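Worksheet: one structure, shown below.
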Amino acid sequence: MNRPQTLTRAIAFAAAACVAAGANAEPDTDQLVVNEEIEMITEAAAPAHTENLSTVYSGWRFRADETQALQMDDFENPAMIFVEAAAEVWSTADGTKGNSCASCHEDVESLRGVRAVYPKWNEAAGEVRTLEMQINDCRENQMGADKWKYTGGDMTNMTALISSVSRGMPVNVAIDGPAQSMWEQGKELYYTRTGQLELSCANCHEDSYGMMIRADHLSQGQINGFPTYRLKNTKLNSVHARFKGCVRDTRAETFKPGSADFVALELYVASRGNGLSVEGPSVRN
Amino acid sequence: MASGVKPRVKVPKTAAAGETITIKTLISHKMESGQRKDSDGNPIPRSIINRFTTEFNGENVVDVALEPAISTNPYFQFDAVVPEAGEFKFTWYDDDGSVYEETKSIKIG
Amino acid sequence: MELTRRKLLAIGASTFAIASITGASAYASLTDDAIAALTGGAEAGEGAITITAPEIAENGNTVPVAVDAPGAVAITLFADGNPTPGVATFKFGPLSASRSAATRIRLATTQNVVAVAKMEDGSFQMAKANVKVTIGGCGG
């Protein structure tokens, strides 16, 4: 008799009930209003190109009440410290040309709407650009400054500041025209199993959202809330840093933040959340 | 001084004389607990904010002793009486000897 | 339900997570010692102090906790499952409007958060809240 195997089976059988219960742990029905002012759309009809979902939900809806509360007020939201830090950088000149962000863009409010449409095709450059790529393009060419590290603190803080002025606007990234091939590439990646665990993005975030993965309530993996302040590491996390963590957790060699693969994946994943509100900087576990 | 330390406080701009107001404070700080190890297995030394005080016109509101179990970016919420117009003074004391201060004035109205 | 290898992995892991939130605290006696040092061994009463904490914390790194003890001069918080039990001591000054405060704390594991208030008459009040800390999920 193979005792360990029997034991494993017994445990698995006992736990099956728990998982079945977990399967019913759908997103909650709470409403997200930030500062008693910004009404967020956390549930929307899935875009037509998101074939396998009928409804898309913000990750906020999968979090516990205490975590949710942290995002409902800008003072409670620890991410806003980093937004304030970026606001100082915004108007601080850097590089050989003596420019700051404010030299061209004046108030950051002038970028309202930008977060909602990125990643976006850039005609002049002939490429799909993420917000981070655009910021570094500004730094190199408009400011004569060094590029920031793709997932570094300065960069993620700045994306949080730029995102914060678009909060409440629906995500609306374009996937047609010149962006289409990049989008197709992202879609293929989304459904490709990676790593020793042979998991694709879809296995967790499309097939199994609402279930528990160990002690964690699986969301749809929407990125409308990025950058996000995670309680786990108590800092702002960028989209690509999160992708990297997910791929690593499948026990795979990950793609590099800022790589064409992750840019394509970001475009695709962002498009799955078209219609949800921009929430960044959000708070997650 | 630990890098990137930035205090935030939320105090109403006005209050009635004798009114109770709620104050919220947050300061960006790693609050390194002393319990963690680096990638080489060496303990990372403790480096926290160990005390936080609030005064109004020189009189104490709260005096908090912090241990490493306080989360990164320490947050506090508490209530104060505002007897007259004046200034709140918030002070955070770092293990490394640094002192971070923030003030907020409040009017009677 | 079709039982694939992947589902089995998930099931095994969730069993582990459930098991891990029921363990008794190895550090509880440190907290008893710390409380005894604070109260000088005096018996602490109950009822005049309340502690508010989540029943289940999504992440032990940042657990919101609030205490309220009308008539207290100071409130000390302990976490009986942490390697060191002390969390914070709030001393209330003349311009404190209520003997209450809220903060966010670290809990290493499922445990009790204990609040001990020293009252104006020198007596002590105590309240406990058990917080289950979920461990695991995606490291990301």
Check your understanding: Within region A:185-197, is even one residue among the aromatic types (Phe, Trp, Tyr) and either touching a residue at least 60 places away in the same chain (Cβ under 8 Å) or more than 11 Å from every other protein chain (Cβ to nearest Cβ) (or both)?
Key -> yes
Study note, to complete from the structure: For region A:136-153, the count of residues that are more than 15 Å from A:Val89 (Cα to Cα), open to solvent by 70 Å² or more (accessible area, probe 1.4 Å) and in a loop (DSSP other than H, G, I, E, B) equals 1
Check your understanding: Of the residues B:Val81, B:Val62, which is part of a strand (DSSP E or B) and under 11 Å from the mean Cα position of the chain (by Cα)?
Key -> B:Val62
Check your understanding: Looking at (1) open to solvent by less than 10 Å² (accessible area, probe 1.4 Å); (2) assigned to a helix (DSSP H, G or I); (3) of a type in the set (Gly, Ala, Ser); (4) within 24 Å of C:Thr62 (Cβ to Cβ), can you tell me which one A:Gly225 breaks?
Key -> (2)
Review point. Can you tell me which of B:Lys30, B:Lys24 is of a type in the set (Lys, Arg), within 20 Å of C:Arg106 (Cβ to Cβ) and not in a strand (DSSP E or B)?
Key: B:Lys30
Practice item. Can you run down the residue pairs with Cβ atoms below 9 Å, 6 or more apart or on separate chains, where the first is in region C:30-48 and open to solvent by less than 40 Å² (accessible area, probe 1.4 Å) and the partner is part of a helix (DSSP H, G or I)? Key: C:Ala44/C:Ile35
Review point. Got a sec? Which of C:Val65, C:Val113, C:Val87 is within 12 Å of chain A (Cβ to nearest Cβ), at pLDDT 95 or above and either on the phi < 0 side of the Ramachandran plot or open to solvent by 50 Å² or more (accessible area, probe 1.4 Å) (or both)?
Key: C:Val65
Point to revise | Enumeration of residues in region A:64-109 that are polar (S, T, N, Q) and surrounded by 15 or more Cβ atoms within 10 Å (Cβ to Cβ) | key: A:Thr67, A:Gln68, A:Gln71, A:Asn77, A:Asn99, A:Ser100
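Pull up region C:70-84, narrow it to residues that are among the aliphatic types (A, V, I, L, M) and open to solvent by 10 Å² or more (accessible area, probe 1.4 Å), then point me to the one that is nearest to the other protein chains (Cβ to nearest Cβ). Quick ask: steps written out before the conclusion?
Start the filter on region C:70-84 by keeping residues that are among the aliphatic types (A, V, I, L, M), which leaves C:72-75, C:77, C:79.
Checking which are open to solvent by 10 Å² or more (accessible area, probe 1.4 Å) leaves us with C:73-74.
Numbers: C:Val73: 11, C:Ala74: 9 Å.
By that ranking, first place goes to C:Ala74.
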Point to revise | Verdict on A:Gln185 being over 16 Å from the mean Cα position of the chain (by Cα), under 30 Å from A:Asn52 (Cα atoms) and part of a loop (DSSP other than H, G, I, E, B) | key: no
Review point. Do we have any residue at all in region A:154-176 that's at pLDDT 95 or above, open to solvent by 50 Å² or more (accessible area, probe 1.4 Å), assigned to a helix (DSSP H, G or I) and under 30 Å from B:Gly4 (Cβ atoms)?
Key: yes
Study note, to complete from the structure: Log entry, pairs with first residue in region B:63-86 being farther than 16 Å from A:Lys232 by Cα and away from chain A (no Cβ under 14 Å), second being part of a loop (DSSP other than H, G, I, E, B) and open to solvent by less than 20 Å² (accessible area, probe 1.4 Å), beta carbons closer than 7 Å, six or more apart or on different chains, reads B:Asp63/C:Gly93; B:Leu66/B:Ile48; B:Leu66/B:Pro74; B:Ala80/C:Leu95; B:Val81/C:Leu95
Point to revise | Count of residues meeting criterion [open to solvent by 20 Å² or more (accessible area, probe 1.4 Å) and more than 10 Å from chain C (Cβ to nearest Cβ)] in region B:19-45 | key: 11
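So which residues in region C:116-140 are part of a strand (DSSP E or B) and facing chain A (nearest Cβ under 10 Å), if there are any at all? Quick ask: steps written out before the conclusion?
Going residue by residue through region C:116-140, those that are part of a strand (DSSP E or B) are C:116-119, C:124-133.
Across region C:116-140, the qualifying residues are C:Lys132, C:Val133.
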Review point. Which one is farthest from C:Val133 (Cα to Cα) among residues in region A:201-224 that are more than 11 Å from every other protein chain (Cβ to nearest Cβ) and among the polar types (S, T, N, Q)?
Key: A:Asn224
Check your understanding: Restricting the search to region B:41-59, which residues are over 23 Å from C:Thr62 (Cβ atoms), modelled with pLDDT of 95 or more and in a loop (DSSP other than H, G, I, E, B)?
Key -> B:Asn57, B:Gly58
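If a residue has to be of a type in the set (Asp, Glu), without any contact (Cβ under 8 Å) to a residue 12 or more places away in the chain and over 16 Å from C:Gly93 (Cβ atoms) to count, how many in region B:3-60 make the cut? Please lay out each step first, then the result.
Going residue by residue through region B:3-60, those that are of a type in the set (Asp, Glu) are B:19, B:32, B:38, B:40, B:55, B:59.
Within this subset, residues satisfying the condition of being without any contact (Cβ under 8 Å) to a residue 12 or more places away in the chain are B:38, B:40, B:59.
Subsequent filtering for residues that are over 16 Å from C:Gly93 (Cβ atoms) retains B:38, B:40.
The number of residues fulfilling the criteria is 2.
The values are calculated or read from the model by the stated rules, or taken from the named source; none is laboratory data. Everything quoted here is computed from the prediction, not taken from an experiment. Note that each Cβ is placed from the backbone with ideal geometry, even for glycine, and that neighbours are counted across all protein chains shown. For the accessible areas, the whole protein counts, side chains as well, though only heavy atoms, and no ligand, DNA or RNA atoms are used. Shrake-Rupley method; radii C 1.70, N 1.55, O 1.52, S 1.80 Å.
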